[in-house]
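Encoded as structure tokens, the structure appears first; notes follow it.
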Number of protein chains: 2
Amino acid sequence: MKRPVFYVSDRTGITAEVLGHGLLTQFDGQNFEHTMIPFVDTPEKAEQALRKINLAADQSECRPLVFSTMVNVKERNIVARCNGLFIDLFETFLGRLEQELHTAAATVIGRAHGVGEDHTYKTRIDAINFALKNDDGANTAGYSDADIILLGVSRSGKTPTCLYLALQYGIMAANYPLTSDDFDGTRLPDAVNPFRTRLFGLTIDPLRLHNIREERLAESKYASLKQCQSEIRAAEHIFQAENIPYLDTSNISIEEITTTILHLTGLERRLH
Amino acid sequence: MKRPVFYVSDRTGITAEVLGHGLLTQFDGQNFEHTMIPFVDTPEKAEQALRKINLAADQSECRPLVFSTMVNVKERNIVARCNGLFIDLFETFLGRLEQELHTAAATVIGRAHGVGEDHTYKTRIDAINFALKNDDGANTAGYSDADIILLGVSRSGKTPTCLYLALQYGIMAANYPLTSDDFDGTRLPDAVNPFRTRLFGLTIDPLRLHNIREERLAESKYASLKQCQSEIRAAEHIFQAENIPYLDTSNISIEEITTTILHLTGLERRLH
């Protein structure tokens with residue numbers, strides 16, 4: 001039996017979902033059925049949301065959980081009447097913040113997750129285009145404009161990490177793939193050597209790399225465990241010999257990789 | 001005078017930041033200086049975080065705000081002694097959830113933002129690779145595997161939207177750029193016509209498009225207001241004539257675009 005969980009918001013509901021999800025991951029072994037109800041910004045939509053939640057309450061043996069980040073009092077009060085455990089993420093804290101900041105909270109929706117301010121938008125788009133253009137060593141001319149250049153063997157997680165850095169933080173992230181050409185010595189490849197203060201290495205467990213590569217090119221030399229072991233050994237050798245900070249991406253999510261990189265390098269985000 | 005704001009967590013701190021940021025956007029006109037303190041998972045790191053917050057408290061005229069999602073009680077109690085307003089995002093709600101779920105919350109850190117579970121990781125990476133491969137009409141052979149295909153003129157927001165759908169939701173999103181070749185009639189381009197149930201259009205205010213294109217190719221015909229107006233008119237004509245749902249991306253963020261698309265199409269996320 002799955003317990004229904006609703007994330008209700010007058011905007012995207014992303015905030016409600018992130019916190020609600022974070023809380024629920026502390027309850028292992030329970031099954032949840034997640035439903036987003038975004039853009040609840042009129043009394044009619046609030047009544048609709050209410051009916052949807054109450055229907056789930058009727059059909060389920062478990063009382064629904066409802067995480068809300070509704071700002072408008074009128075709509076919030078409608079949804080709050082539901083036959084679920086109503087957890088108001090905003091209201092709970094806004095009072096304390098108002099007291100501390102000596103000012104009333106705006107009851108204007110849509111401030112969270114910005115209204116696409118021009119500057120923010122441009123920063124993000126520029127960073128995404130930069131990541132796409134400077135991906136995988138195809139173009140090294142842009143490296144002098146990079147905030148960070150990730151190094152690692154094929155399929156060590158460079159591209160998703162660069163894209164996440166760009167999308168979430170507006171960081172200009174390039175990446176350079178280490179290949180057998182780079183493994184002759186222990187020196188840094190010429191293309192990245194001038195930018196050594198901006199380099200960050202990614203490594204990965206060879207067996208995991210082998211599994212990932214098998215998905216892509218089964219039974220190839222490229223995917224063989226032996227090849228993966230040898231490439232990872234050589235890559236880590238370079239990172240150590242050249243004093244490049246690096247991180248094992250094997251068991252962590254993209255969020256954890258990027259947060260750790262920012263934490264270790266002190267790299268400034270361009271978006272907050 | 002900026003008020004210091006800290007996001008303290010025994011993991012990435014992303015949950016603390018999303019909710020804290022969402023709350024603070026309700027307080028317009030106040031200045032905040034944001035600092036992340038992630039990975040506070042030992043008493044020593046907690047003492048370090050405490051010192052950092054107290055230093056900011058000494059140096060600022062405003063009391064710091066501290067948003068915490070610490071799970072470990074020992075470390076949390078250390079940071080909670082700080083000279084700031086300590087807002088415990090998890091503890092506040094975990095009690096109510098424990099009661100409702102008839103089970104104790106795990107005091108195990110690092111459940112939020114997953115430990116890179118294999119399935120999740122693969123879904124995300126596959127979706128990112130799909131978006132990269134099926135970007136901008138370069139390759140239309142993958143369209144039959146797409147969950148959604150975005151249509152729009154150059155610089156209407158297709159690529160960032162596809163990448164966000166891939167990274168956050170594991171959705172296989174392709175995009176096809178509408179160009180003057182497609183504007184002869186009002187019919188859908190042949191490349192996308194077989195997939196009409198999966199199409200979604202993006203449009204944008206011509207003046208905004210003009211500004212964006214000017215950044216890229218100043219004083220070109222491509223960027224001229226006249227060209228932008230004519231392309232947008234033709235694109236919207238196709239969307240309307242062919243009954244393709246579409247969205248104006250001019251004043252909304254990437255989060256809002258993607259959430260709205262999911263909401264309007266009912267497209268199922270592959271990641272939760």
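Comparison of B:36, B:70 shows that the only residue that is part of a strand (DSSP E or B) and of a type outside the set (Val, Ile, Thr) is B:36.
A quick yes/no check of all residues on (1) under 22 Å from residue B:258 (Cβ atoms); (2) part of a helix (DSSP H, G or I):
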| position | (1), (2) |
| --- | --- |
| A:4 | no, no |
| A:10 | yes, no |
| A:17 | yes, yes |
| A:23 | no, yes |
| A:27 | no, no |
| A:46 | no, yes |
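Here residue A:29 passes the criteria (1) within 11 Å of chain B (Cβ to nearest Cβ); (2) buried (at least 17 other Cβ atoms within 10 Å of the Cβ) except the one numbered (2). Residues of the stretch A:65-74 that are within 30 Å of the chain's Cα centre (by Cα) and more than 10 Å from chain B (Cβ to nearest Cβ): A:66, A:68, A:70, A:72.
Kindly indicate whether residue A:6 is at positive phi and out of contact with any Lys or Arg (no Cβ under 6 Å at 6 or more places or on another chain). Considered against the rule, which asks whether it is at positive phi and out of contact with any Lys or Arg (no Cβ under 6 Å at 6 or more places or on another chain), residue A:6 comes out as no.
Whether a residue is free of Cβ contacts under 8 Å to residues at least 40 places away in the same chain, loosely packed, with under 15 Cβ neighbours inside 10 Å and in contact with a His (Cβ under 7 Å, 6 or more places away or on another chain) was assessed, and residue A:225 passes this test. For the residues A:57, A:146, A:166, the requirement of being within 20 Å of residue A:254 (Cβ to Cβ) and either more than 11 Å from chain B (Cβ to nearest Cβ) or of a type in the set (S, T, N, Q) (or both) singles out A:146. Selection over the stretch A:226-272 of residues that are away from chain B (no Cβ under 12 Å) and either part of a helix (DSSP H, G or I) or of a type in the set (Gly, Ala, Ser) (or both) gives a count of 17.
The condition of being at pLDDT 85 or above, within 13 Å of chain B (Cβ to nearest Cβ) and more than 20 Å from the chain's Cα centre (by Cα) holds for only one of A:158, A:122, A:133, that being A:133. Quickly run through the stretch A:58-84 and pick out the residues that are surrounded by fewer than 17 Cβ atoms within 10 Å (Cβ to Cβ) and either of a type in the set (Gly, Ala, Ser) or over 22 Å from residue A:106 (Cα atoms) (or both). Result: A:58, A:59, A:60, A:61, A:63, A:81, A:83.
Candidates B:181, B:126, B:88: the one that is among the charged types (D, E, K, R) and either assigned by TED's automatic domain parsing to the domain that holds residue B:36 or in contact (Cβ under 8 Å) with a residue 60 or more places away in the chain (or both) is B:88. When residue A:272 is tested against (1) within 26 Å of the chain's Cα centre (by Cα); (2) assigned by TED's automatic domain parsing to the domain that holds residue A:130, exactly one condition is not met: (2).
For the stretch A:1-26, the set of residues classified as surrounded by fewer than 18 Cβ atoms within 10 Å (Cβ to Cβ) and touching a strand residue (DSSP E or B) at 6+ places or on another chain (Cβ under 7 Å) consists of A:2 only.
Conditions (1) within 20 Å of residue A:164 (Cα to Cα); (2) of a type in the set (Ser, Thr, Tyr); (3) in contact with a helix residue (DSSP H, G or I) (Cβ under 6 Å, 6 or more places away or on another chain), marked per residue:
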position: B:98; (1), (2), (3): no, no, no
position: B:126; (1), (2), (3): yes, no, no
position: B:156; (1), (2), (3): no, yes, no
position: B:172; (1), (2), (3): yes, no, yes
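Taken over the stretch A:214-225, the residue count meeting the criterion of being in contact with a helix residue (DSSP H, G or I) (Cβ under 9 Å, 6 or more places away or on another chain) and either assigned to a loop (DSSP other than H, G, I, E, B) or at pLDDT 95 or above (or both) is 6.
Go through the stretch A:1-19 residue by residue and tally those that are closer than 15 Å to residue B:101 by Cα and within 9 Å of another protein chain (Cβ to nearest Cβ).
Count: 1.
With respect to the conditions (1) over 30 Å from residue B:37 (Cα atoms); (2) loosely packed, with under 14 Cβ neighbours inside 10 Å; (3) more than 28 Å from the chain's Cα centre (by Cα), residue A:241 falls short on a single one, namely (1).
Would you mind finding the one in B:256, B:231 that is at pLDDT below 95 and crowded, with 16+ Cβ neighbours inside 10 Å? Of B:256, B:231, the one residue that is at pLDDT below 95 and crowded, with 16+ Cβ neighbours inside 10 Å is B:256. Going by the structure shown, is residue B:88 charged (D, E, K, R), more than 7 Å from chain A (Cβ to nearest Cβ) and crowded, with 16+ Cβ neighbours inside 10 Å? Answer is yes for this residue.
The values are calculated or read from the model by the stated rules, or taken from the named source; none is laboratory data. What you are looking at is a predicted structure, and each value in this text was computed from that prediction instead of being measured. Cβ atoms come from the backbone with ideal geometry, glycine included; neighbour counts cover every protein chain shown.
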